[in-house]
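Data first, discussion second: the structure below is written as structure tokens.
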Amino acid sequence: MKGKIFLRPVSAVLLIVLASACAGGFRVNQVQFGISAAQADLWEEAIFRWKKALSTDPDNAAAHNNLAVAFEKKGMMKEAEIEYKIASELAPKNRYIQSNYDHFKKRAEDKQEETNEKK
């Protein structure tokens with residue numbers, strides 16, 4: 001009788017650990033899937049995958065950064081800026097993310113100057 005009572009809590013803990021591991025793999029798979037889609041120039045699919053990854057892990061700086069790149073590629077500059085800011089705040093010491101955001105801001109400034117010169 002004691003063995004059966006002990007098994008239930010252990011089984012429950014084991015299920016929680018397994019579910020957590022699967023969820024972690026799911027996030028990584030979505031991010032990786034998005035990267036593969038982007039490399040194939042399938043930006044809508046990449047956006048879908050990175051949003052899906054963020055739905056389970058909203059603090060994933062890499063997914064926010066990748067989503068920003070995809071938005072920028074699609075010409076969705078306001079959305080890109082929001083995602084770059086989030087990624088930058090989540091990972092302020094990540095040089096890759098900071099570099100992407102800095103380059104984005106520079107391109108935005110150059111574009112603004114170009115627009116002003118045409119007026």
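Looking only at the range 33-48, count how many residues are farther than 16 Å from GLU79 by Cβ and in contact with a helix residue (DSSP H, G or I) (Cβ under 8 Å, 6 or more places away or on another chain).
So the answer is 4.
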In the set LYS93, LYS52, LYS118, which member is touching a Gly at 6+ places or on another chain (Cβ under 9 Å) and either free of Cβ contacts under 8 Å to residues at least 24 places away in the same chain or of a type in the set (Lys, Arg) (or both)?
LYS52
Can you say whether ALA80 is surrounded by 12 or more Cβ atoms within 10 Å (Cβ to Cβ), under 13 Å from the mean Cα position of the chain (by Cα), in a helix (DSSP H, G or I) and not acidic (Asp, Glu), as far as the supplied structure shows?
yes
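Every number in this text was worked out from the coordinates using simple rules, so none of it is lab data. Note that this is a predicted model, so its numbers are computed, not measured. For neighbour counting, all protein chains shown are included, and Cβ atoms are generated from backbone atoms with ideal geometry for every residue, glycine included.
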